[in-house]
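The values are calculated or read from the model by the stated rules, or taken from the named source; none is laboratory data. Being a predicted model, the structure only gives us computed values, none of them experimental. Note that we place each Cβ from the backbone using ideal geometry, even for glycine, and neighbour counts take in every protein chain shown.
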Amino acid sequence: MFAPDRPLPRAIIFSCSGLTLTDEETWFFTESDPLGLILFGYNCDSPNQLKTLISSFREAVGRADAPILIDQEGGRVTRLKEPHWRHPPPAAVFAEAAAEDLEGACALARTNARLMARDLIALGITVDCAPVVDVPVSGAHDIIGDRALGQDPHMIATLGRALCDGLLDEGVSPVIKHMPGHGRARADSHKDLPRVSESIELLEKTDFKPFRLLSDMPYAMTAHIVFDAIDAERPATVSSRVIREIIRGAIGFDGVVLSDDIGMEALSGTPAERAKAVIEAGCDVVLECWGKLDVMQSIAPEVPRLSDASAERLVRAEAMRLGRQADAPPLAKEALSDLNRLIAQA
């Protein structure tokens, strides 16, 4: 994944402004050498256009396997849209099915994830920022809403594993989010800084549980939320205590820790200050989604190249992705029929 005769890439994933890379963006990516690229709806028009965009980015950074990310959860968080791509259902559909038959719902969720992954891998997209395994509670902000896989931590983890397995079956790495838990947030972290005041004992039994049960996954994304019982001063993304004691400690996650978008208003400071704080707190990689060249130019000098430990985690993630794809069983026609029936009934 990383050439031994080249420096490690910068520990950041950027976005871009449109359907193609501008000359200025191409030059910037070549010079700054970010780890990867994340795509949004405004970057996705057609398969051929998207393949060209991805190829252009990888040529600019000189790495044919540079990670390409997207948020393709299904439901309202879907970047690839019809008519070129299938529109997957929201996670809540599988939670509803699981109330009647958890094993059957897992089979449906895995099939759905495999279909999503086939769309992604055909384009060259190798990382899907899904699934959401937060545990929502009554009274929380609806930013999670139907993106959740139910309200029971064990069921969420079980369905979450099925979705992760489906993505990996087809060669796409899942990103479990938003660690250590976004389900209690009473504000949208895109606009405000949520605080969670519950005890760590309660959080360990509920919010942290799905992440602990899925701690073997290759990637996780942090939550821009303050947990008063752990660090009352800093949101999880920029809290060394949360990352060290909870994410790496109590949860036991040793995969790639990716920040949520540092452009969200839950974080304070300039974009460059936010990026620096993310790395200093212990995240492996910064995620910056604005796609504005001047902002990216201000951030890049503050972000170091990947640490050896982070590079090792990324190599393991890539090995998992490629290894699982090689072992995936064929997708049965019966599974497709069952999934289509569930979607039609939703």
Of residues in segment 297-315 being surrounded by 15 or more Cβ atoms within 10 Å (Cβ to Cβ) and within 18 Å of the chain's Cα centre (by Cα), the one farthest from I13 (Cα to Cα): R313
Qualifying positions in segment 299-320 - over 18 Å from G171 (Cβ atoms), of a type outside the set (A, V, I, L, M, F, W, C) and in a helix (DSSP H, G or I): P301, E302, D308, S310, E312, R313
Filtered residues of segment 208-221 (kept if over 21 Å from M320 (Cα atoms) and buried (at least 21 other Cβ atoms within 10 Å of the Cβ)): F208
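Please verify whether T26 is outside any loop (DSSP other than H, G, I, E, B), in contact with a helix residue (DSSP H, G or I) (Cβ under 9 Å, 6 or more places away or on another chain), of a type in the set (V, I, T) and surrounded by fewer than 20 Cβ atoms within 10 Å (Cβ to Cβ), treating the condition exactly as stated.
On the way: outside any loop (DSSP other than H, G, I, E, B): yes; in contact with a helix residue (DSSP H, G or I) (Cβ under 9 Å, 6 or more places away or on another chain): yes; of a type in the set (V, I, T): yes; surrounded by fewer than 20 Cβ atoms within 10 Å (Cβ to Cβ): yes.
Yes: the conditions hold for T26.
If a residue has to be assigned to a helix (DSSP H, G or I) and in contact with a helix residue (DSSP H, G or I) (Cβ under 7 Å, 6 or more places away or on another chain) to count, how many in segment 326-342 make the cut? It would help to see each step written out before you state the result.
Initially, segment 326-342 is screened for residues assigned to a helix (DSSP H, G or I), giving 326-327, 333-342.
Filter once more, so that each one left must be in contact with a helix residue (DSSP H, G or I) (Cβ under 7 Å, 6 or more places away or on another chain): 335-336, 338-339, 342.
Matching residues across segment 326-342 total 5.
Tell me, yes or no, whether segment 200-207 has at least one residue that is of a type in the set (A, V, I, L, M, F, W, C) and in contact with a helix residue (DSSP H, G or I) (Cβ under 6 Å, 6 or more places away or on another chain). Don't jump to the end; show me each part of the working.
Applying the first criterion (of a type in the set (A, V, I, L, M, F, W, C)) to segment 200-207 yields 200, 202-203.
Retained after the next criterion (residues that are in contact with a helix residue (DSSP H, G or I) (Cβ under 6 Å, 6 or more places away or on another chain)): none.
Taking every residue of segment 200-207 in turn, none turns out to be of a type in the set (A, V, I, L, M, F, W, C) and in contact with a helix residue (DSSP H, G or I) (Cβ under 6 Å, 6 or more places away or on another chain).
Every residue in segment 36-57 that is under 20 Å from the mean Cα position of the chain (by Cα) and crowded, with 19+ Cβ neighbours inside 10 Å, please. Even if it seems obvious, please write down each step before you answer.
Step one: filter segment 36-57 for residues under 20 Å from the mean Cα position of the chain (by Cα), giving 36-44, 50, 54, 57.
Of everything in segment 36-57, those that are under 20 Å from the mean Cα position of the chain (by Cα) and crowded, with 19+ Cβ neighbours inside 10 Å turn out to be G36, L37, I38, L39, N43, C44, L50, I54, F57.
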Conditions (1) in contact with a helix residue (DSSP H, G or I) (Cβ under 8 Å, 6 or more places away or on another chain); (2) surrounded by 24 or more Cβ atoms within 10 Å (Cβ to Cβ); (3) within 29 Å of V172 (Cβ to Cβ); number of the one not met by S239: (3)
Members of segment 186-202 found to be touching a strand residue (DSSP E or B) at 6+ places or on another chain (Cβ under 7 Å) and more than 15 Å from L267 (Cα to Cα), listed by number: V196
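For the subset of segment 9-23 comprising residues that are of a type in the set (A, V, I, L, M, F, W, C) and either in contact (Cβ under 8 Å) with a residue 60 or more places away in the chain or assigned to a helix (DSSP H, G or I) (or both), which member is farthest from D45 (Cα to Cα)? Show your work before the answer.
We begin by selecting, within segment 9-23, every residue of a type in the set (A, V, I, L, M, F, W, C); these are 11-14, 16, 19, 21.
Checking which are either in contact (Cβ under 8 Å) with a residue 60 or more places away in the chain or assigned to a helix (DSSP H, G or I) (or both) leaves us with 11-14, 16.
Numbers: A11: 28, I12: 25, I13: 21, F14: 19, C16: 14 Å.
Ranking the qualifying residues of segment 9-23, first place goes to A11.
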Residue within segment 227-246 that is among the charged types (D, E, K, R), within 23 Å of A187 (Cβ to Cβ) and not in a loop (DSSP other than H, G, I, E, B) present: yes
Unmet criterion (only one of (1) in contact with a helix residue (DSSP H, G or I) (Cβ under 9 Å, 6 or more places away or on another chain); (2) farther than 28 Å from D152 by Cβ; (3) touching a residue at least 12 places away in the same chain (Cβ under 8 Å)) for G269: (3)
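Can you confirm whether D231 is in contact with a Lys or Arg (Cβ under 8 Å, 6 or more places away or on another chain), of a type outside the set (S, T, Y) and free of Cβ contacts under 8 Å to residues at least 12 places away in the same chain?
Values: in contact with a Lys or Arg (Cβ under 8 Å, 6 or more places away or on another chain): yes; of a type outside the set (S, T, Y): yes; free of Cβ contacts under 8 Å to residues at least 12 places away in the same chain: yes.
Considered against the rule, which asks whether it is in contact with a Lys or Arg (Cβ under 8 Å, 6 or more places away or on another chain), of a type outside the set (S, T, Y) and free of Cβ contacts under 8 Å to residues at least 12 places away in the same chain, D231 comes out as yes.
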The lone exception for G263 - which of (1) assigned to a strand (DSSP E or B); (2) over 23 Å from L149 (Cβ atoms) it fails: (1)
Residue list for segment 278-298, restricted to those being in a helix (DSSP H, G or I) and touching a helix residue (DSSP H, G or I) at 6+ places or on another chain (Cβ under 8 Å): V278, E280, A281, L293, V295, M296, Q297, S298
Positions within segment 296-346 being basic (K, R) and at pLDDT 85 or above, in sequence order: R305, R313, R316, R321, R341
Qualifying residue in segment 168-190 (condition: assigned to a helix (DSSP H, G or I), of a type outside the set (V, I, T) and without any contact (Cβ under 8 Å) to a residue 60 or more places away in the chain): no
Odd one out for H154, checked against (1) modelled with pLDDT of 95 or more; (2) in a loop (DSSP other than H, G, I, E, B); (3) not hydrophobic (A, V, I, L, M, F, W, C): (2)
Cβ pairs under 9 Å, 6+ apart, first in segment 321-333 and farther than 17 Å from A162 by Cα, second small (G, A, S) and part of a loop (DSSP other than H, G, I, E, B): L322/G171; A326/G171
